[in-house]
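Note sheet for the following structure.
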Amino acid sequence: MASATPSFALERSAQPVAVAERAKLLADPGFGRVFTDHMAVVRYSDAKGWHDAKITARKPISLDPAAAVLHYAQEIFEGLKAYRLADGTLAMFRPDANARRFNASAERLAMPKLPEETFLESIRQLVRVDRDWFPTVEGGSLYIRPFMFASEAFLGVKPSSEYLYLVIISPVGGYFKSGAPAVSLWISQHYTRAAPGGTGAAKCGGNYASSLVAQAEASKHGCDQVVFLDAAEHRWVEELGGMNVFFVFKDGSLQTPPLGGTILPGITRNSLMTLARDEGLTVREEPYSIDQWRADAASGKLTEAFACGTAAVVTPIGTVKSPDGEFKIGAGGPGQTTSRIKQKLVDIQRGAAPDPHGWVSRID
Ligand SMILES: *Cc1c(COP(=O)(O)O)cnc(C)c1O
């Protein structure tokens, strides 16, 4: 059964990527297309609990064609980054929050909970083994992807009795090639992301699967990202396909839609709220309607808006489009408040500023 201090067996890859080839990849890794030599794996069965924890060579996994995940999408994931601090140490940002959210997602998807210490240890061990994969490109980090899926071969609809938990790492550059340009958003008037009682607050692959057609619609209309409205009234701004959203007002206050089941509780969202409040800014977690957004942008009451998440950290929103027309936010580029609190967060993540909230978790 699960033990409090998991020990991961280490099976080093017999065929790691050659040093010269790795150096080439790390100079320009892009996002999510380069992977390190190893992965973490832990198995679960109802009979044995969590067992067989190991760090092993990254390779394809073989699945029975009847594996439940392939049919009923019982799958969850997390996303966090390891940064290199000024003294060269690698450090994760708030990994305990990811561990807790992983288990909240597991609960919603009727999956077994993974002991938080197993989650944290799997990442620490894997990062240590693959530490030479830290990107050399400016602004680079290790994007860490823990995930769990139903592996039982059975076509009946029920929670699987077997699961695989894995962690892979992708060395990444900046999400956007030249800093963060302002993105354009398409308001989906037809599709919604999450409904009350649904899986909107869980980080599950299914939420992304159902957002893709809306994202494709956004692209068709020349927009970078889709922004979803609530399912009941099609009126309240919720979030992007994979990022939370903030509004910044002329009076200096900030607002973000409240959690409550249909919005993913972002760790970046939570961190930015804390940093803004540390500065003495007012942050409201209150619903904001699309009509109000349009009106406030036109009157100048709203001066900035941004999206946030681990992958891109903070992305200014420049333009919002829908079949009813389009409107610009402020000057259509990154605003002052957005840039300032983004910098505050990035400085803490990279160890360039003090860490008053104990968010930085060093991997020695
Ligand atoms: C992961 C995710 C976010 C951002 O969460 P962070 O913890 O800040 O990375 C926001 N929305 C959705 C739908 C997500 O899946």
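The values are calculated or read from the model by the stated rules, or taken from the named source; none is laboratory data. Model, not experiment: these values are computed from the prediction. Glycine gets a Cβ as well: all are built from the backbone with ideal geometry, and neighbour counts include every protein chain shown. Remember, those area values only see protein heavy atoms, side chains included, never the ligands or the DNA or RNA. Shrake-Rupley method; radii C 1.70, N 1.55, O 1.52, S 1.80 Å.
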Output the qualifying pairs, or none if there are none: Cβ atoms under 8 angstrom, residues six or more apart or on different chains, first residue in region 20-37 and surrounded by 14 or more Cβ atoms within 10 Å (Cβ to Cβ), second residue of a type in the set (F, W, Y) and part of a helix (DSSP H, G or I).
-> R22/W133; L26/W133; T36/W133; D37/W133
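Do you know which of the residues in region 84-94 that are away from the ligand (no atom under 14 Å from the Cβ) and touching a residue at least 40 places away in the same chain (Cβ under 8 Å) is nearest to L114 (Cα to Cα)?
Filtering first and then ranking leaves A91.
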Exactly one condition in (1) touching a helix residue (DSSP H, G or I) at 6+ places or on another chain (Cβ under 8 Å); (2) open to solvent by less than 10 Å² (accessible area, probe 1.4 Å); (3) within 16 Å of the ligand (Cβ to nearest atom) is not met by A97; state its number.
-> (2)
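Got a sec? Which strands (runs of 3 or more DSSP E) wholly within region 245-364 have at least 2 residues that are among the charged types (D, E, K, R) and not assigned by TED's automatic domain parsing to the domain that holds R131? Break it down stepwise before answering.
On the way: elements: 254-256, 283-285, 302-309, 313-322, 325-328, 360-363.
Per the criteria, 283-285, 325-328.
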Looking only at region 188-208, decide whether some residue is outside the structural domain of R100 (by TED's automatic domain parsing), within 16 Å of the ligand (Cβ to nearest atom) and of a type in the set (F, W, Y).
-> yes
Please list, ordered by first then second residue, the pairs with beta carbon atoms under 7 Å, 6 or more apart or interchain, first in region 282-311 and open to solvent by 30 Å² or more (accessible area, probe 1.4 Å), second basic (K, R) and within 16 Å of the ligand (Cβ to nearest atom).
-> T310/K81
Restrict the check to region 74-81 and report whether at least one residue is within 14 Å of the ligand (Cβ to nearest atom) and either in contact with a His (Cβ under 9 Å, 6 or more places away or on another chain) or part of a helix (DSSP H, G or I) (or both).
-> no
What's the number of the condition L259 fails, among (1) more than 12 Å from the ligand (Cβ to nearest atom); (2) of a type in the set (A, V, I, L, M, F, W, C); (3) open to solvent by 50 Å² or more (accessible area, probe 1.4 Å)?
-> (1)
Taking region 53-69 and the residues there that are within 30 Å of P135 (Cα to Cα) and in a strand (DSSP E or B), the one that is most open to solvent (accessible area, probe 1.4 Å) would be K54
Can you confirm whether region 207-217 contains a residue that is surrounded by fewer than 20 Cβ atoms within 10 Å (Cβ to Cβ), within 17 Å of the chain's Cα centre (by Cα) and in contact (Cβ under 8 Å) with a residue 60 or more places away in the chain?
-> yes
So which residues in region 273-309 are touching a helix residue (DSSP H, G or I) at 6+ places or on another chain (Cβ under 6 Å) and within 16 Å of the ligand (Cβ to nearest atom)?
-> L275, A276, V283, F306, C308, G309
Y165 being touching a residue at least 40 places away in the same chain (Cβ under 8 Å), of a type in the set (F, W, Y), part of a loop (DSSP other than H, G, I, E, B) and under 23 Å from A91 (Cβ atoms) | no
Determine whether Y175 is within 16 Å of the ligand (Cβ to nearest atom), open to solvent by 20 Å² or more (accessible area, probe 1.4 Å), closer than 20 Å to L240 by Cβ and at pLDDT below 95.
-> yes
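Check whether at least one residue in region 232-250 is more than 11 Å from the ligand (Cβ to nearest atom), farther than 18 Å from D296 by Cβ and out of contact with any helix residue (DSSP H, G or I) (no Cβ under 9 Å at 6 or more places or on another chain), and report yes or no. Spell out how you get there, then give the answer.
The first filter runs over region 232-250 and keeps only residues more than 11 Å from the ligand (Cβ to nearest atom), leaving 232-237, 246-250.
Those left that are additionally farther than 18 Å from D296 by Cβ: 232-234.
Then drop every residue that is not out of contact with any helix residue (DSSP H, G or I) (no Cβ under 9 Å at 6 or more places or on another chain), which leaves 232-233.
Yes.
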Lone qualifier among P135, P146 - being outside any helix (DSSP H, G or I) and over 23 Å from A209 (Cβ atoms) | P135
In the list Y44, Y72, which residue meets the criterion of being in contact with a Phe, Trp or Tyr (Cβ under 7 Å, 6 or more places away or on another chain) and open to solvent by 30 Å² or more (accessible area, probe 1.4 Å)?
-> Y44
What do you reckon, is R131 modelled with pLDDT of 95 or more, under 18 Å from G351 (Cβ atoms), assigned by TED's automatic domain parsing to the domain that holds P16 and open to solvent by 40 Å² or more (accessible area, probe 1.4 Å)?
-> yes
